[in-house]
Structures are given as structure tokens and as C-alpha cells.
Amino acid sequence: MWGSSSLKKAAWIAAIGAILLILDPYIFGPFIPDLSSLYTKATYTFAYFLFSASYGGFVEEVLLRLFFLSLISWLLTLICKKSERTTTLYTWANIIAALVFALGHLPATKATFGSLSAALVIRSLILNGSLGYLFGWLYIREGFSTAMIVHGSTHIISQIILHLFIL
């Protein structure tokens, strides 16, 4: 299932994703004063750890990559009728799915902060959009199970580092 090349890609993307999550309060904290209140040891409970890894790794990957990205890819191939290269269509489908992934995090963001500011929307588009694009790229290149494992691993790695070394 996983060759050496696939494993390297998966490890790099999990590491990049974890770094993006760890840097969240440092990059966006100056613009979102309440953001630092989310980064406490009390926030990162074992239940949160399990939920974020399993929900992100399984539910979000099934909905956004397996179904939505695949649907958009299929629709684009029907619309373009081979006038575009397949890789270009997959890239556009991935960009669309990554944007939907980012926007899909806004209801939870609103519930957490009470309202949505421009800074919170931009944070979601950059942070979740980047991660969504990386997971989508991995899905296209290496398959669903790889994207699913890496998405869950990204949460696990970032939370372990935050809990043990930063918080």
C-alpha cells in the first residue's frame, strides 16, 4: 500500500500540517485577542484529542475528499470534455474542496468565539484552506486512506507537541 515515496509524502504533509496548527496562536493571535484562550492545557483534554483526530481523519476526509472532491472532479471532467488536462481539473477541484473545507469550519468558529470577524474568516481560509489543499493533494496522489491517516496524524502530532512542550 505505502511505498517509500508515499510514506515520505505523508510524513512531510503531517509535519507541515502540525506546524501550521502549532503556529496558529502566534500568527493569528495578534489579530484575534481571544485566540490565546483556546490554547490551554485544559482545552486539550484526552477526549478532545480523540475527537479531533478521529473526526478530522475520518468524517472530514469522507465528506470533503472522498465525496466532495471526487464529485467536483467528476463534474469538471464532464463540463470540460477533455479540453483541459486531467491534472488541471484535479487541481481546480482540490482548490474548490479546500475552500469549502475552510468555510465549513466557520460555524464552529462562530460558536467558539460568539461571532465572526474578518480576522477569524481569514484565519479559517488560510489555516483550514491550506490544510484542506494539502490533504486533497495527498488524496489525489496517494489515495483516500493516506489522506485520512495523515489528517488524523496532523491533529495528533500538533496536540502532543502543544501539550508536552508549549502549553
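The values are calculated or read from the model by the stated rules, or taken from the named source; none is laboratory data. The structure presented is a predicted model; accordingly, all values stated were derived computationally and were not measured. Please note: Cβ atoms are built from the backbone with ideal geometry, for glycine as well, and neighbour counts cover all protein chains shown.
What do you reckon, is SER6 among the polar types (S, T, N, Q) and in contact with a helix residue (DSSP H, G or I) (Cβ under 6 Å, 6 or more places away or on another chain)?
yes
For the structure I just gave you, tell me whether LEU69 is in a helix (DSSP H, G or I), at pLDDT 90 or above and in contact with an Asp or Glu (Cβ under 8 Å, 6 or more places away or on another chain).
The answer is no for LEU69.
Looking at the stretch 84-97, is at least one residue surrounded by 12 or more Cβ atoms within 10 Å (Cβ to Cβ), under 13 Å from the mean Cα position of the chain (by Cα) and farther than 15 Å from ILE140 by Cα?
no
Is it true that some residue in the stretch 118-132 is modelled with pLDDT of 95 or more, in a loop (DSSP other than H, G, I, E, B), surrounded by fewer than 15 Cβ atoms within 10 Å (Cβ to Cβ) and aliphatic (A, V, I, L, M)?
no
Could you figure out which of (1) β-branched (Val, Ile, Thr); (2) in contact with a helix residue (DSSP H, G or I) (Cβ under 9 Å, 6 or more places away or on another chain); (3) under 30 Å from LEU167 (Cα atoms) isn't true of VAL59?
(2)
Yes or no: the stretch 140-149 includes at least one residue that is among the charged types (D, E, K, R), without any contact (Cβ under 8 Å) to a residue 24 or more places away in the chain and farther than 23 Å from ILE22 by Cβ.
no
Give me the residue from the stretch 32-66 that is surrounded by fewer than 15 Cβ atoms within 10 Å (Cβ to Cβ) and charged (D, E, K, R) and, out of that set, modelled with the highest pLDDT.
ASP34
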